[in-house]
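To start, the structure itself, in structure tokens.
Just so you know, all these numbers are worked out from the coordinates, no wet-lab data involved. Here the structure is a predicted model, which means the values were calculated and not measured. Glycine gets a Cβ as well: all are built from the backbone with ideal geometry, and neighbour counts include every protein chain shown.
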Amino acid sequence: MNDTYILPPPSKKDGPSIALYPGTFDPITNGHIDIIKRGLHLFDKIIVTVGINIQKTPLFSLEERCDLIRECFTEFNGRVEVDYTDGLVVDYALKNNAHAIIRGLRAVSDFDYEFQLALMNRRLERSVETVFLMTGFRWIYISSTGIKNAARYKGNITGLVPVHVEKALQEKFA
């Protein structure tokens, strides 16, 4: 007996296909933006969900991070929304009719952590799938932490983050 199953994509009568892209986005990078833009080829709408991670001390406030992200997607006609949550991502997904969580992978080293998250989310809510997207090759070495460290010591981060994010980082470290 074959336990695999294939479901058709949601029909338009069921409403738009919605995915979440959760993260701390402290700050958003061109790698994140690449994942979101490519995710729009798969989903009608992506909700960028800024999470509160008690294991991290963010440089930017929750509101600042949301504003920086919104400014990146003003021309996408509502296909990209920005919100935040301090609860379980799968609960937020259900509340917002999202059936998928997008996760970006830069390298094999990311996979172990992301796979554990995906399995936990699957255990918590089987109707929400995780979709892994590989970061574009040109962004594979970029992380928000690396960007912040370079900016802190006046390193050149031009082209790694949007111009308005680069400016915000320069102001934080002035």
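Here the stretch 82-115 is scanned for amide nitrogen atoms under 15 Å from the site 7 Å beyond the Cα of ARG122 along Cα-to-Cβ, giving 100-103, 111-115. Here the simple spin-label model places points 7 Å from the Cα toward Cβ, and for ASN149 and ILE52 these points are separated by 2.8 nm. To the nearest ten degrees, helix 163-172 and the longest principal axis of the Cα atoms of the chain are 60 degrees apart. When only the Cβ of Lys, Arg, Asp and Glu is charged (+1, +1, -1, -1), the dipole of the stretch 9-114 relative to its Cα centre reaches about 400 debye. With N the number of residues in the stretch 105-174, Rg(Cα) / (2.2 N^0.38 Å) evaluates to 1.46.
The simple spin-label model puts a point 7 Å past each Cα toward its Cβ; for GLU114 and VAL131 those points are separated by 1.3 nm. Between the residues VAL165, ALA19, SER61, the greatest Cα displacement towards the positive end of the dipole of the chain, with unit charges on the Cβ of Lys, Arg, Asp and Glu, is found for VAL165. For the peptides 107-119, 141-153, the ranking by packing is 141-153, 107-119, with the highest mean count of neighbouring Cβ atoms within 10 Å listed first. For the chain, the Kirkwood hydrodynamic radius comes to 17.0 Å, computed from all pairs of different C-alpha atoms. Close amide H contacts of LEU20 (hydrogens built in the peptide plane, cut-off under 5 Å, sequence separation of 5 or more or a different chain): ILE47, ALA100, ILE101, ILE102.
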